[in-house]
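Student: My questions all concern the structure below.
The values are calculated or read from the model by the stated rules, or taken from the named source; none is laboratory data. Everything quoted here is computed from the prediction, not taken from an experiment. Using ideal geometry, Cβ is built from the backbone for each residue, glycine included, and neighbour counts are taken over all protein chains shown. Heavy atoms of the whole protein, side chains included, go into the accessibility calculation; ligands, DNA and RNA do not. Shrake-Rupley method; radii C 1.70, N 1.55, O 1.52, S 1.80 Å.
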Amino acid sequence: MTDPLTLLVAVVAIGTAAVAAWLHQPRPPELEAERWFKVWLATRLRGRVEAAGGDADAWTAEVLRFVPFHPAGRHPEGKVASPHTWRPADAWLEGEESLVQRLAALSSPRERWTLLYDRDERGLEARLADPVTLGPAYDPGRILGPGHSWDAVATGGLTEALAARIGARWVLVDGREASGPDLLAALGAQLPASVRVPWSDGDLDATVERTHVLLQGLVPSPADRLVVVGAGLGIQVVLRVLVRDPGLRDRVIAVVSVGGVLAGMPDEEGALGQAAVKDWMARWFGHDTLDTDALVPTPYLSLQWWDPEVEPPGVAGLPLASARWPTPRAVADVPASIAPTELGLLPADPAIPLDAVAESLVGVTVGMVLAWRGD
């Protein structure tokens, strides 16, 4: 029979272990990544307008044109295309059900886009309000240190300093053809140490092999780290490289999809068609198959390109829903290794200031890495 003192010691030990395990559980950052990205971009646009001598009206016009966002606007393609039947997979967000009802009362997708991004007061306030009101979780000073306020974000020129906070090499992987504005070029211009990987002339397997060899050569030391950005079909190359190389996955601290083909190419057969890619993602996009040695999940960010005149919503050849991360496959007793992070859509407008988008994307990517680490 166990004596009371021994039993008490055992209970205390179990309780201490449980508390320690709870304290070390990775917790999602206390912020909305899309809101942060869109406010960062709106603030950077403010700086550009002010530098050009523009006023508040000019800035508002820039934000309305280039920064679509609504706090209750998740999965906007469903809300706009089928508001009468759209329902969330989980609970309604604040104001979301009312928003969907208002969209359903309009007769055309174009009118619904206009309400969602140009006329709804809550959406306008979210983009045009002073970002300081978002609180300390969104404060850019958490990334860059004291003194780097939202006014510093507006002034710009921070991209290299932002990237330095995580000490990673940025790798920019092109797709087979453009699926939106060339954001990789803007990233490369602001990150001189980055490496751009073009699509190979051969098939998908040849492109994967070439990219794999290149990435391995960029991380000769166990301490080396990478952020990998894939545009269009380039994101499928990135994923296939990561699946085949656990050691390389341990060096990648963020994956970014820019207009990435995450559910296959519509109207295409073969390895990159919808059926093949969906099957591949179902098999390999999981916490077990993309596991790492890190104590926290790796942020997998995505943004989509959008043309309001295109149906189904997205850009020609790539619907919005096909450019969003699916839910990773979960396996019992396997820790989460992937943190899908939605940055929302941006207009595929030839006039969009890609330098501002690039700096905003770097800032939020770095910020999400640090937030997951608890830094």
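Student: Pull out a ≥ b ≥ c, the square roots of the eigenvalues of the alpha-carbon gyration tensor of the range 16-169, then state rounded if a/c is under 1.5, prolate if not and a/b is larger than b/c, and oblate in the remaining case. Show your work: numbers first, answer last.
Tutor: Details: a/c = 2.60, a/b = 1.16, b/c = 2.24.
Taking the square roots of the gyration eigenvalues as a ≥ b ≥ c, the range 16-169 is oblate.
Student: Another question about this same structure. Using the heavy atoms of the protein chains and a 1.4 angstrom probe, tell me the accessible area per residue for the chain in square angstrom. Mind showing how you got there, number by number?
Tutor: Details: 17030 Å² over 375 residues.
Value returned for the chain: 45 Å² of accessible area per residue.
Student: Please report the accessible area of K278 (heavy atoms, 1.4 Å probe, ligands and nucleic acids excluded) in Å², nearest 10.
Tutor: Result for K278: roughly 120 Å² accessible.
Student: Rounded, prolate or oblate for the range 227-375? Axes are the square roots of the Cα gyration tensor eigenvalues, ordered a ≥ b ≥ c, and the cut-off for rounded is a/c under 1.5.
Tutor: It is oblate, given that a/c is not under 1.5 and a/b is not larger than b/c.
Student: Separation between the S82 and A193 pseudo-spin-labels, each 7 Å from Cα along Cα→Cβ, expressed in nm?
Tutor: Here the modelled spin labels are 4.7 nm apart.
Student: So, one more: Note down the nm distance, to one decimal, between modelled labels 7 Å out along Cα→Cβ at L64 and at D267.
Tutor: Taking the simple label geometry, L64 and D267 are separated by 3.3 nm.
Student: Which of the chymotrypsin sites (Phe, Trp or Tyr not before Pro) found in the range 61-164 are in a DSSP loop and have at most 15 neighbouring Cβ atoms, other than their own, within 10 Å?
Tutor: Working: sites: F66, F69, W86, W92, W113, Y117, Y138, W150; in loops: F69, W86, W92.
The qualifying sites are W92.
Student: A further question on this structure: Most mobile of L361, L134, L262 per a Gaussian network model of the chain (Cα springs, under 10 Å)?
Tutor: L134
Student: Per residue and in cubic angstrom, what volume does the convex hull of the Cα atoms of the range 100-163 have? Display every interim value, and only then the final one.
Tutor: Values: hull volume 8.5 nm³, N = 64.
Spelled out: Cα convex hull of the range 100-163, divided by residues, is 132 Å³.
Student: Counting only protein heavy atoms and using a 1.4 Å probe, what share of the accessible area of the chain belongs to carbon plus sulfur, as a whole percent?
Tutor: Carbon and sulfur together cover 56 percent of it.
Student: Loop-only GluC sites (Glu not before Pro) in the range 298-375, please: DSSP not H, G, I, E or B, and at most 16 other Cβ atoms within 10 Å. Each step should come with its number before you reach the end.
Tutor: Working: sites: E309, E342, E359; in loops: E309.
Taking the range 298-375 and a limit of 16 other Cβ atoms within 10 Å, the loop GluC sites (Glu not before Pro) found are E309.
Student: Sticking with this structure for a sec: Nearest 5 is fine: what % of DSSP beta bridges in the range 276-360 come out antiparallel, could you say?
Tutor: Working: 3 of 12 bridges.
Bridges in the range 276-360 are about 25 percent antiparallel.
Student: Of the residues A56, A33, A358, which exhibits the maximal mean-square fluctuation in a Gaussian network model of the chain defined by a 10 Å Cα contact cut-off?
Tutor: Fluctuation is largest for A56.
Student: Also, quick follow-up: So which residue, out of D279, D130, D333, gets the largest mean-square fluctuation from a GNM of the chain using Cα contacts under 10 Å as springs?
Tutor: Between D279, D130, D333, it is D333 that shows the largest mean-square fluctuation.
Student: Taking each full run of DSSP H in the chain as one helix, which ones are at least 20 Å long along their axis (Cα atoms) and have mean Kyte-Doolittle hydropathy of at least 0.0? List each step's numbers first, then the result.
Tutor: Working: long enough: 4-23 (28 Å, 2.15); 33-51 (27 Å, -0.40); 204-218 (21 Å, 0.36); 354-373 (28 Å, 1.25).
Taking the DSSP H segments of the chain (at least 20 Å long, mean hydropathy at least 0.0), we get 4-23, 204-218, 354-373.
Student: Could you tell me whether the chain comes out rounded, prolate or oblate from its Cα gyration tensor? Rule is a ≥ b ≥ c as square roots of the eigenvalues, rounded for a/c under 1.5, then prolate if a/b exceeds b/c, otherwise oblate.
Tutor: Working: a/c = 1.38, a/b = 1.23, b/c = 1.12.
Here the chain falls in the rounded category.
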